[in-house]
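Trainee: Take a look at this one; I'll ask things after.
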Amino acid sequence: MSCHSIGGAGGGTGPALDTIGDKYDAETIARYIGDPTSVDPGSHMPAQAEVSQEDREAISGFLAKQGGDS
Ligand code: HEM
């Protein structure tokens, strides 16, 4: 939340994640958290290596539901 927002709450360093579920599935978001450039070679997001696998799966499961058709 220091860098991303959902529903208008959160920071603006990174893009809002309100519709991220329309772009990536949960598995891809989980991979993005740990290694952003493995998903988007041009990504400027710092890898969130400290986030545990369990937390990555919880966060990406939630984010994959953010969006119009997810
Ligand atoms: C567990 C925490 C985080 C998650 C789940 C997350 C998730 C994401 C996702 C899914 C994207 C791709 C957005 C898109 O393609 O539309 C993204 C991009 C980005 N994130 Fe994060 N992020 C996290 C933490 C952070 C932090 C802490 C920062 C700031 C230090 C950050 C900064 C960015 C930036 C700058 C981008 C844009 C990358 C680019 O296109 O160059 N993120 N993030």
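Trainee: How many percent of all Cα-Cα pairs in the chain sit more than 15 Å apart? Walk me through the numbers on the way to the answer.
Mentor: On the way: 1284 of 2415 pairs.
Result: 53 percent of Cα pairs exceed 15 Å.
Trainee: Compute the FRET efficiency between residue 6 and residue 47 as 1/(1 + (r/R0)^6), taking r as their Cβ-Cβ distance and R0 = 30 Å, and round to the nearest 0.05. Present the calculation step by step, with values, prior to reporting the outcome.
Mentor: Working: r = 21 Å, r/R0 = 0.69.
Once rounded, the FRET efficiency stands at 0.90.
Trainee: Assigning unit charges at the beta carbon (Lys, Arg +1; Asp, Glu -1) and nothing else, what dipole magnitude in debye, to the nearest 20, does segment 19-70 show about its Cα centre? Could you put the intermediate results ahead of the total?
Mentor: On the way: 4 positive and 10 negative charges, 22 e Å.
So the dipole magnitude of segment 19-70 works out to roughly 100 debye.
Trainee: Quick check: from the Cα gyration tensor, does segment 30-70 come out rounded (a/c under 1.5), prolate or oblate?
Mentor: Details: a/c = 2.87, a/b = 1.24, b/c = 2.31.
Since a/c reaches 1.5 but b/c is at least a/b, the shape of segment 30-70 is classed as oblate.
Trainee: Additional query: Sort 21-31, 51-61, 36-46 by packing, meaning the average of other beta carbons within 10 Å per residue, with the highest value first.
Mentor: Working: 21-31: 16.7, 51-61: 13.8, 36-46: 12.0.
Ranked by mean Cβ neighbours within 10 Å, highest first: 21-31, 51-61, 36-46.
Trainee: While we're looking at this one, here's another question. Over the chain, calculate the relative contact order: mean separation of alpha carbon pairs under 8 Å at least 6 apart, over the residue count, as a percent.
Mentor: That works out to 33 percent.
Trainee: Considering only protein heavy atoms and a probe of 1.4 Å, how much of the accessible area of the chain is carbon and sulfur, as a whole percent? All intermediate terms of the calculation are to be shown ahead of the outcome.
Mentor: Details: 2440 of 4460 Å².
Taking all protein chains in place, the chain shows 55 percent carbon and sulfur surface.
The values are calculated or read from the model by the stated rules, or taken from the named source; none is laboratory data. Just so it is clear, the structure is predicted and the values come from calculations on it, not from any experiment. Cβ atoms come from the backbone with ideal geometry, glycine included; neighbour counts cover every protein chain shown. Side chains are part of the model used for accessible areas, which takes the heavy atoms of the whole protein and leaves out ligands, DNA and RNA. Shrake-Rupley method; radii C 1.70, N 1.55, O 1.52, S 1.80 Å.
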